[in-house]
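**Q** Quick one: structure below, then a few questions.
Nothing in this text is a laboratory measurement; each read-out follows from the coordinates by a stated rule. Given the structure is predicted, the values throughout are model-derived calculations rather than measurements. We place every Cβ from the backbone using ideal geometry, glycine too, and count neighbours over all the protein chains shown.
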Amino acid sequence: MINRKFLTQTKKLVNQIGILQIGLGPLGLKINQYIEDKKSMKTVAAIDINPSLKGKDLGELSINKNSGVQIKNSITEVENIEDVDVVILTTTSNFASVALQIEEILDYKLPIVSTCEELTYPWKLDAELASSLNEKAKTNNVAIVSTGVNPGFLMDTLPTMLTAVCKEVDHIEVHRIQDAQSRRIPFQKKIGAGITLEEFEKRKQSGSLRHVGLTESMEFIAKAMDWPLDHTEDVISPIIATENIETPNMSISKGDAMGVRQIGKGLVNGVEKIKLVFEAAVGTGISYDEVLIKGNPNIKSRIEGGVHGDIATCSIVLNVVPVLLRSSPGLKTMNDLSIVSIAN
């Protein structure tokens, strides 16, 4: 019997994959530039809720040339929806907010790649809502996944993959240490670079200053390892400048915050099984990504210089697209998918 769904997906992979981009902030526009460099994909429609962008040509915002794609404010305004094969959703870090957007997209029976950090593993945050999205995706015969450099790869998918060569694993520790000077300005602001310690504490208490997704990465690892976590910790503190720092984008005074340190711990029966250390600060000059696995055998994997977050996020979002088209329907995690880079 001919599998018509497989034939349809294969056709999409042979021809250009039509992309609907929703969310045209700095990340969305950067992804658009990457799509322009690919032979296998093309942005065919674009949406942003900013009314001032409506009717503008997408290319004028990202690639400085006419693209023929006029920005809309809503999916209901997209006239060529039949040309869309996949939605790339880069709008919010909040699961509840992105779920509303996903539900509307699913009405059009379109698969979705999101960059929402809380969506990378949402079952602990809101199991009922996650199950609802999973069922609606299955009903509409499409898949959903959220990914990025972190969460999505470096502090969850990568360490989980490395355990595949271990007979047994007792403990997983991951360090992501970044000099944020080369990152986007919104990222530098998100980590609190350049603010006073008093302001840092205010933003921490309000929840606006944190690396979103550290808890989701711990839950992702725990699920993959079949470790029933009874407790998680997520402790945030400032990285304090010991001297004045000047960059092309900001001035940081001695004693102010130059970034954030966030440590997550996952415990089983009171014993630490997972430790995630995230540090991002402007002007440290130090960057690396490291995975330490205690088990049989012990494993230490270190990427000197670290993985550039913006490049990696744009790349993994696009590399997951053809894999998602071949996936069974439902709400997926990166552990459900096998990602191979598509160079063209």
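**Q** Work out the FRET efficiency for Tyr34 and Glu135 from their Cβ-Cβ distance, taking R0 = 30 Å, and round it to the nearest 0.05.
**A** Once the sixth-power term is evaluated, E becomes 0.40.
**Q** Does region 129-207 come out rounded, prolate or oblate, given a ≥ b ≥ c as the square roots of the eigenvalues of its C-alpha gyration tensor, rounded meaning a/c under 1.5 and, failing that, prolate meaning a/b above b/c?
**A** Oblate shape, in that a/c is at least 1.5 and b/c is the bigger or equal ratio.
**Q** Of Asn269, Ala257, Asn296, which is farthest along the charge dipole of region 157-306 in the positive direction, counting Lys and Arg as +1 and Asp and Glu as -1 at C-beta?
**A** The one lying farthest along the dipole's positive direction is Ala257.
**Q** Next question, about the same structure. Packing-wise, with mean Cβ within 10 Å as the measure, how do 254-264, 212-222 rank, highest first?
**A** On the way: 254-264: 20.5, 212-222: 25.0.
So the order, starting with the most tightly packed, is 212-222, 254-264.
**Q** Normalised radius of gyration for region 187-344, please: alpha carbon Rg relative to 2.2 N^0.38 Å, two decimal places.
**A** Values: Rg = 18.3 Å, N = 158, 2.2 N^0.38 = 15.1 Å.
That ratio works out to 1.22.
**Q** Give Lys124/Lys190; Lys167/Lys294; Lys124/Lys265; Lys204/Lys273; Lys223/Lys265; Lys190/Lys300 a once-over and call out the pairs whose C-alpha atoms are over 18 Å from each other. Write out the running numbers ahead of the final one.
**A** Details: Lys124/Lys190 24 Å; Lys167/Lys294 11 Å; Lys124/Lys265 15 Å; Lys204/Lys273 26 Å; Lys223/Lys265 15 Å; Lys190/Lys300 30 Å.
Check vs 18 Å cut-off fails for Lys124/Lys190; Lys204/Lys273; Lys190/Lys300.
**Q** Looking at the P(r) of the chain, how many percent of alpha-carbon pairs lie beyond 39 Å?
**A** Of all Cα-Cα pairs in the chain, 15 percent lie more than 39 Å apart.
**Q** Describe numerically, in nm with one decimal, the distance between label points set 7 Å from Cα along Cα→Cβ at Glu77 and at Asn319.
**A** 3.5 nm
**Q** Let me ask something else about it. As I understand it, the dipole of region 67-160 uses +1 on the Cβ of Lys and Arg and -1 on the Cβ of Asp and Glu, about the Cα centre. Which of Pro111, Thr147, Ile75 lies farthest toward its positive end?
**A** Thr147
**Q** For Ser97 and Ala164 in the same chain, what is the full-extension length gain: residue separation times 0.36 nm, less their Cα-Cα distance, in nm?
**A** Taking 0.36 nm per residue and subtracting the Cα distance, the gain is 20.6 nm.
**Q** Let's see if you can work this out: charge +1 on each Lys and Arg Cβ, -1 on each Asp and Glu Cβ, no other charges. What is the dipole magnitude of the chain about its Cα centre, in debye to the nearest 20?
**A** 780 debye
**Q** Here is a further query. For the chain, what is the relative contact order in percent, using Cα pairs closer than 8 Å and at least 6 residues apart in sequence?
**A** Numbers: 710 pairs, mean separation 64.9, N = 344.
It comes to 19 percent, rounded to a whole number.
**Q** Another question, then. Can you list the HN-Hα couplings for region 283-294, worked out from phi with the Karplus curve (6.51, -1.76, 1.60; θ = phi - 60°), rounded to whole Hz and with x for Gly and Pro?
**A** Values per residue, Gly and Pro as x: x, 7, x, 10, 9, 6, 10, 9, 10, 10, 10, 9 Hz.
**Q** How much length, in nm to one decimal, is gained on full extension between Ser182 and Asn66, taken as 0.36 nm per residue of separation minus their Cα-Cα distance?
**A** Separation in residues times 0.36 nm, less the Cα-Cα distance, equals 38.9 nm.
**Q** Could you tell me the relative contact order of region 219-333? Use alpha-carbon pairs under 8 Å, at least six residues apart, and round to a whole percent. Could you put the intermediate results ahead of the total?
**A** Working: 148 pairs, mean separation 19.0, N = 115.
It rounds to 17 percent for region 219-333.
**Q** Run the helix sum for the chain: -39,500 (n - 2.57) per DSSP H stretch of 4+ residues, divided by residue count, reported at 222 nm to the nearest 500 deg cm²/dmol.
**A** -9000 deg cm²/dmol, from helical runs alone.
**Q** Now for a separate question. Once amide H atoms are placed 1.01 Å from N in the peptide plane, what residues at a sequence separation of 5 or more from Val142, or on another chain, have their amide H within under 5 Å of its amide H?
**A** Gly330
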